[in-house]
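Q: Before anything else, here's the structure in question.
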Amino acid sequence: MASPVDTYVAQSTLWPAELRAARAVLRKCGLTEELKWRKPCYSHDGRNIVILQEMKGFLALMFFEGARLRDPDGLLESQGPNSQSALRLCVRSVADVRALTPAIQAFVAEAVALPRSGPSAVKAPKAEWSPVDALQERLDADPKFRAAFTTLTPGRQREYHLHISTAKQLDTRRARVEKLAPQILAGKGLRDR
């Protein structure tokens, strides 16, 4: 009987051969394989270690705590300016997977050996930000809203800020703040339901 990951790999149209090659390497590392977030994910003792992500131009092996891994050859890349702990290794061919197998094994071994820790152990610098204009207006005008917002975790605060700040028009940013206000007042994050 095919596992969910078998099915995922069989249905891949972007990087099927590379997925099979990377999967073989990761399975030999003693990790637990399952489908999470609709992607092949590999964990150890219940801790996520690496996930395979098919992108248009490459297959990424995204290490959840990549910022804590030693990377003397500079193989790991940031996912973008808003990513603080996860780093990825990008492959574009089966030959890449073969050539990078020792590095993949080393990253996995080190990630497994990392002590369990919270976000405070991440070495990546925290992105400095201040609330976008429309959010700041509401924080200044509504003490109850400010109290609710400041009790959210820093990650949830930042996620709201990023979502609101992507709107180009001030009116749209204000509308987003108003739409999200009940959720913030309820102490929930952007994706909490």
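The values are calculated or read from the model by the stated rules, or taken from the named source; none is laboratory data. Just so you know, these numbers come straight off a predicted model, no measurement behind them. FYI the Cβ positions are ideal-geometry reconstructions off the backbone, even for glycines, and counts take in every protein chain you see. Heads up: the accessible areas ignore ligands, DNA and RNA and are worked out on the full protein's heavy atoms, side chains in. Shrake-Rupley method; radii C 1.70, N 1.55, O 1.52, S 1.80 Å.
Q: Here are A186, A134: which of them is farther than 23 Å from S85 by Cβ, buried (at least 17 other Cβ atoms within 10 Å of the Cβ) and of a type in the set (G, A, S)? Give the steps one after another, and end with the answer.
A: Numbers: A186 fails: buried (at least 17 other Cβ atoms within 10 Å of the Cβ).
Result: A134 is the single residue among A186, A134 that is farther than 23 Å from S85 by Cβ, buried (at least 17 other Cβ atoms within 10 Å of the Cβ) and of a type in the set (G, A, S).
Q: Please verify whether A21 is open to solvent by less than 40 Å² (accessible area, probe 1.4 Å), under 30 Å from S130 (Cα atoms) and either modelled with pLDDT of 95 or more or of a type in the set (G, A, S) (or both), treating the condition exactly as stated.
A: No: the conditions fail for A21.
Q: Under 9 Å by Cβ, and 6 or more places apart or on different chains, what pairs join a residue from the stretch 20-48 that is among the acidic types (D, E) with one that is in a strand (DSSP E or B) and surrounded by fewer than 19 Cβ atoms within 10 Å (Cβ to Cβ)?
A: Within 9 Å, the pairs are E33/S43; E34/S43; D45/T32.
Q: Ok, one more. From the list I51, I104, pick out the single residue that is modelled with pLDDT of 90 or more, open to solvent by less than 40 Å² (accessible area, probe 1.4 Å) and within 30 Å of S165 (Cβ to Cβ).
A: Just a single option satisfies the conditions, and that option is I51.
Q: I need the full set of residues from the stretch 67-104 which are in contact with an Asp or Glu (Cβ under 9 Å, 6 or more places away or on another chain) and of a type in the set (D, E), in order please.
A: D96
Q: Right, another one. What are the pairs, 6+ residues apart or on separate chains, where a residue within the stretch 52-73 that is closer than 13 Å to F107 by Cβ and in contact (Cβ under 8 Å) with a residue 12 or more places away in the chain has its Cβ under 7 Å from a residue that is open to solvent by 40 Å² or more (accessible area, probe 1.4 Å) and among the basic types (K, R)?
A: Pairs that qualify, where the first residue is closer than 13 Å to F107 by Cβ and in contact (Cβ under 8 Å) with a residue 12 or more places away in the chain and the partner is open to solvent by 40 Å² or more (accessible area, probe 1.4 Å) and among the basic types (K, R), are A67/K123; R68/K123.
Q: Kindly list, by first and then second residue, each pair from a residue in the stretch 145-164 that is under 9 Å from I184 (Cα atoms) to a residue that is open to solvent by 40 Å² or more (accessible area, probe 1.4 Å) and modelled with pLDDT of 85 or more, limited to pairs with Cβ atoms under 6 Å and residues at least 6 apart or on different chains.
A: Taking only residues 6 or more apart or on different chains, the pairs are F145/R138; A148/L185.
Q: Only one of (1) part of a loop (DSSP other than H, G, I, E, B); (2) of a type in the set (K, R); (3) crowded, with 16+ Cβ neighbours inside 10 Å is not met by R191, so which one is it?
A: Condition not satisfied by R191: (3).
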